[in-house]
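Read through the structure below, which is laid out as structure tokens, and then see the notes.
The values are calculated or read from the model by the stated rules, or taken from the named source; none is laboratory data. All values derive from a computational prediction rather than experimental measurement. Note: ideal-geometry Cβ built from the backbone for every residue, glycine included; neighbour counts use all protein chains shown. Each accessible area value is taken on the protein alone, full model and side chains, heavy atoms only, with ligands, DNA and RNA left out. Shrake-Rupley method; radii C 1.70, N 1.55, O 1.52, S 1.80 Å.
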Amino acid sequence: MFNFKHNNNSEFFDLFVDSAKFFYKCAVIMDEIMIEPSTAEKRVKEIIDLEHAADNVNNSIIDKLNQTFITPIDREDIFAVANGLDDGVDLLQGTVQRIVMYRTAELKDGAIAMTKLLLQATEQIIKAFSLLKDIKKNREELLATTHRIGKLESEGDKVYRNEVASLFDNEKNPIELIKWKDIIENLEETMDHCEDLSNMIRGVVMKYA
């Protein structure tokens, strides 16, 4: 049954923040694995549990969307953001599973640097979604936060290009090269995804501020 609430309903925004926190927690695990790679296999269950919890939040958003007639922002934006946050968790889960499956040797500096950038980007994503409840009041800070995410993504692009070039210059084992190229590409895709989320937020700000 439709819920005819006024469009100041903030529960969607609370759920966005919950989902963003799962994305951040996965980045924290990724960072900890980079510090202590021998723990990767043990941490897989943790990240799978986080992925399931993130799925539950995503399902709650979609269920609420189906039951709410008047939404605080466009239905299409809510749907896109919910799935985008969930996809971020999936990407990091995929990276951890690659590290375990490939039984990678010593970690590459580029992968460590990319993970640090992801940690910062996901922190900023939480901040942005926390500000989204009051778009007009927080317009300038929201745009500044999305700009910071974009700068982090640009830094990630530089790290990615340098690391891939270094792999082809210095990695003599072709199997190791393939493994690490795949891992670095997945991390770079996750950084791109952070920027995609920030662009969604910027689009919402432009519509409603």
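Descriptive notes on the structure:
- Residue within region 179-197 that is of a type in the set (A, V, I, L, M, F, W, C) and open to solvent by 70 Å² or more (accessible area, probe 1.4 Å) present: no
- Residue satisfying all of: in region 50-94; more than 19 Å from Leu132 (Cβ to Cβ) and of a type in the set (Asp, Glu); surrounded by the most Cβ atoms within 10 Å (Cβ to Cβ) among these: Glu51
- All positions within region 99-113 that are open to solvent by 60 Å² or more (accessible area, probe 1.4 Å) and part of a helix (DSSP H, G or I): Met101, Tyr102, Asp109
- Residue match in region 150-170 (condition: among the aliphatic types (A, V, I, L, M), within 30 Å of Asp74 (Cβ to Cβ) and either assigned to a helix (DSSP H, G or I) or touching a Leu at 6+ places or on another chain (Cβ under 6 Å) (or both)): yes
- One residue alone among Glu163, Glu153 is within 27 Å of Ile29 (Cα to Cα), buried (at least 18 other Cβ atoms within 10 Å of the Cβ), in contact with an Asp or Glu (Cβ under 6 Å, 6 or more places away or on another chain) and touching a residue at least 40 places away in the same chain (Cβ under 8 Å), and that residue is Glu153.
- Pick from region 198-209, criterion open to solvent by 50 Å² or more (accessible area, probe 1.4 Å) and assigned to a helix (DSSP H, G or I), ranking: farthest from Asn162 (Cα to Cα): Tyr208
- Scanning region 117-147 for residues that are touching a helix residue (DSSP H, G or I) at 6+ places or on another chain (Cβ under 7 Å), open to solvent by 10 Å² or more (accessible area, probe 1.4 Å) and either of a type outside the set (Lys, Arg) or closer than 17 Å to Tyr160 by Cβ (or both) yields Leu117, Leu119, Gln120, Glu123, Gln124, Ile126, Ser130, Leu131, Ile135, Asn138, Glu141, Leu143.
- Close pairs from region 89-116: first among the polar types (S, T, N, Q), partner open to solvent by less than 50 Å² (accessible area, probe 1.4 Å) and at pLDDT below 90, Cβ under 6 Å, at least 6 apart: Thr115/Met34
- Condition met for Asp134 (closer than 26 Å to Ser19 by Cα and either touching a Cys at 6+ places or on another chain (Cβ under 9 Å) or at pLDDT below 95 (or both)): yes
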